[in-house]
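Computed from the coordinates by the stated procedures, all read-outs in this text should not be read as laboratory data. Keep in mind the model is a prediction, meaning the values are calculated, not measured. Backbone-built Cβ (ideal geometry, glycine too); neighbour counts: all protein chains shown.
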Amino acid sequence: MKELQFSIEIHAPREKVWDILWQDKTFRQWADLVDPGTYMTGELQEGSEVQFISANGYGVTSLVEKVVVPEFLLLRHQADTQEYGKQERKKEWTGGEESYLLEEKDGVTTLTAQFGVPPEMEEYFIVNYSKALEKVKVLAEAR
């Protein structure tokens, strides 16, 4: 896995940024820029599993390892899936971690996302994840 880190400053309280990241409607809006049609199932509670599934039925099942609302989320990818989460597939993401850190100072939230990607997908994520975080910024600052 190739470790990537993205950071963006957002002129909004971190509670608002957290909500944009994880409420279903807005999650779908920004995640769509990474992988079209992506949605999340499950609850962001420590020890729970969530699934991220794209329009083509491929996805990843992740353990919510740590959550501190609205400051930090750590996910550990448990299984790569297909058929809308019903079957396992080749392990590209399994074992990787994904984290989101939100730090606020003077009404500006710095959002830092860090995760590993398969090396052949590095450039794709550099381009598309940056666009997704810009979308989070636009959504958070517009409300």
Completion exercise
the chain -> Rg/Rh from Cα coords, Kirkwood Rh, value 0.95
Handout entry: Extended-chain gain in nm, criterion 0.36 nm per residue less alpha-carbon gap, Val108 and Tyr124
Key = 3.0 nm
Exercise for the section: Taking the chain as the reference, fit the longest principal axis to its C-alpha atoms, fit the long axis of helix 122-142 to the helix C-alpha atoms, and give the angle between the two in degrees, 0 to 90, nearest 10. Expected result: 40 degrees
Completion exercise
Only helices counted: for the chain, with every DSSP H run of 4 or more residues adding -39500 (n - 2.57) and the sum spread over all residues, [θ] at 222 nm is -8500 deg cm²/dmol
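Greater than 18 Å separation of Cα atoms is the criterion. Which listed pairs, Lys66/Lys137; Lys2/Lys66; Lys25/Lys137; Lys2/Lys137; Lys16/Lys137; Lys105/Lys137, meet it?
Values: Lys66/Lys137 24 Å; Lys2/Lys66 22 Å; Lys25/Lys137 15 Å; Lys2/Lys137 25 Å; Lys16/Lys137 10 Å; Lys105/Lys137 16 Å.
Pairs exceeding the cut-off: Lys66/Lys137; Lys2/Lys66; Lys2/Lys137.
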Fill in the blank from the handout: Amide H contacts under 5 Å for Gly96, restricted to residues at least 5 apart in sequence or on another chain and with H modeled in the peptide plane, are His77
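Would you work out the charge dipole size for the chain about its Cα centre, treating the Cβ of every Lys and Arg as +1 and the Cβ of every Asp and Glu as -1, and quote it to the nearest 20 debye?
The dipole of the chain has a size of about 280 debye.
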